[in-house]
Ligand code: SF4
């Protein structure tokens, strides 16, 4: 996909390819807290080289448009769950999923925890100047055990009905599990007692509907997921090593973007 840089008036402006905000760049000599978000940690897991180029060297990757339809289901679900949070009552989906004693968790910081851009769940790694953050979609609570339940809303359009097994085994859903492990890790490190089972609230659009008619219908399924954060700390320390290194890490051989820029450089050189 081609991405053209525009200013706030929508006019095209030259793209430098370099980050201009110093706060986005890691400085190994600084003692100021540097935050790594959940998405940057996922970037590191996908390709340490791209993560390094971004956070240490300041290479700006092309921007991508927002997923406004998916964001809208998230937004509307948040409104529904906030109503239940306000009244401290179970959501309409809980009974069908066999979730008794569960209500949306009411906490003064919940808005902050859901704000992935400016705050999120946060944990400062002891002995370092690094904090980790992640904006969670929702948190529920089992009022009997008092444990918190991590929740992630997901929207999709798949012809097959959602089943927990297929959903969790899906090739493109492995990153979702990483996401959930990371939120549970942060919440645990923040001192909360977290239920071993998290939930994906999956909204699957009905593609077999006879027509659009200005409406789209979704089947909602709660997919339980037993999170595992035991692997995270080790990878976080690997990430710190890379941040503090002056050696360029390996790239991901499966990456089509790198293959594209490699081939493009060859083609441009040979046609000079
Ligand atoms: S393989 Fe190349 S383009 Fe792909 S993620 Fe890594 S550094 Fe970036």
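Residue-by-condition table, conditions (1) closer than 21 Å to residue 41 by Cα; (2) without any contact (Cβ under 8 Å) to a residue 12 or more places away in the chain; (3) in contact with a strand residue (DSSP E or B) (Cβ under 6 Å, 6 or more places away or on another chain):
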site: 174; (1), (2), (3): yes, yes, no
site: 183; (1), (2), (3): yes, no, yes
site: 187; (1), (2), (3): yes, no, yes
site: 198; (1), (2), (3): yes, no, yes
site: 205; (1), (2), (3): no, no, yes
site: 217; (1), (2), (3): no, no, no
site: 232; (1), (2), (3): yes, no, no
> Restricting to region 88-128, what's the tally of residues that are in contact (Cβ under 8 Å) with a residue 12 or more places away in the chain, surrounded by 12 or more Cβ atoms within 10 Å (Cβ to Cβ) and under 30 Å from residue 34 (Cα atoms)?
Replying inline: 16
>> Restricting to region 234-256, name every residue that is free of Cβ contacts under 8 Å to residues at least 40 places away in the same chain and under 30 Å from residue 205 (Cα atoms).
In response: 256
> From the set of residues in region 65-77 that are surrounded by fewer than 17 Cβ atoms within 10 Å (Cβ to Cβ) and touching a strand residue (DSSP E or B) at 6+ places or on another chain (Cβ under 8 Å), which is farthest from residue 204 (Cα to Cα)?
Replying inline: 69
> So which residues in region 242-272 are in contact with a helix residue (DSSP H, G or I) (Cβ under 7 Å, 6 or more places away or on another chain) and within 12 Å of the ligand (Cβ to nearest atom), if there are any at all?
Replying inline: 248, 249, 250, 251, 252
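Report the residue count in region 13-64 for those that are assigned to a helix (DSSP H, G or I) and either surrounded by 17 or more Cβ atoms within 10 Å (Cβ to Cβ) or within 13 Å of the ligand (Cβ to nearest atom) (or both).
Keep residues of region 13-64 that are assigned to a helix (DSSP H, G or I), which gives 22-24, 38-46, 48-55.
So of that shortlist, the ones also either surrounded by 17 or more Cβ atoms within 10 Å (Cβ to Cβ) or within 13 Å of the ligand (Cβ to nearest atom) (or both) come out as 38, 40-46, 48-55.
Adding up the residues that qualify gives 16.
Every number in this text was worked out from the coordinates using simple rules, so none of it is lab data. What you are looking at is a predicted structure, and each value in this text was computed from that prediction instead of being measured. Note that each Cβ is placed from the backbone with ideal geometry, even for glycine, and that neighbours are counted across all protein chains shown.
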